[in-house]
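Only one structure is covered here, and it is reproduced in the block below.
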Amino acid sequence: MTLLAIAAEEGGGFNPLAPEPGLYVWTTVAFLVVFVFLAKKIFPKLQQTLADREARIKEEIEQAERTRADAERVLEEYKARVAQARDEAGKIVDEARQAADSVRRELTAKAESDARLIVDKAQQELQGERDRALSELQQQLATWSTEIAGRIVERELNPQSQKDLVESFINKVGNGNK
């Protein structure tokens, strides 16, 4: 207890901790008036504010749920699009590979065909050169044969003179037909 309360009990005077019975009544009346005022004016507004807040919070939660559901839907669409893009990219790469293989095969076939044509042309040219060389050789042999026959006819046909004639002709041909 406080000193004031102890002093009041000993002296029989005023005790602030022990109010008078009339004060109970006025305190109760004041409390009831304030409570009625609060109940009529403040509590409904407070109740409305709390209800509004609760409704706003529920609406925000619902909006958050819708947003989350939309985000999940968008994520699934994104995943599907990414998978589709990967599939398309794979198809494009496969098509490019096939096209490259086709072009490579075509180029290889064309190169082989060109090589065959070049080889055939070279063989034809070689055959032509060989035929021309043979023709020239035949002409040269015919010329030589005619020349030899002419010289043989000029001389007497004995074995020694024929041998000398052939050797001289061979020497002339070997020295470049001088």
Check your understanding: Looking at the stretch 43-51, is at least one residue over 27 Å from the mean Cα position of the chain (by Cα) and of a type in the set (Phe, Trp, Tyr)?
Key -> yes
Revision key, fill the gap. Selection over the stretch 162-178 where residues are at pLDDT below 70, part of a helix (DSSP H, G or I) and of a type in the set (S, T, N, Q) yields a count of 1
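The values are calculated or read from the model by the stated rules, or taken from the named source; none is laboratory data. Quantities reported herein were computed from a predicted structural model and do not represent experimental measurements.
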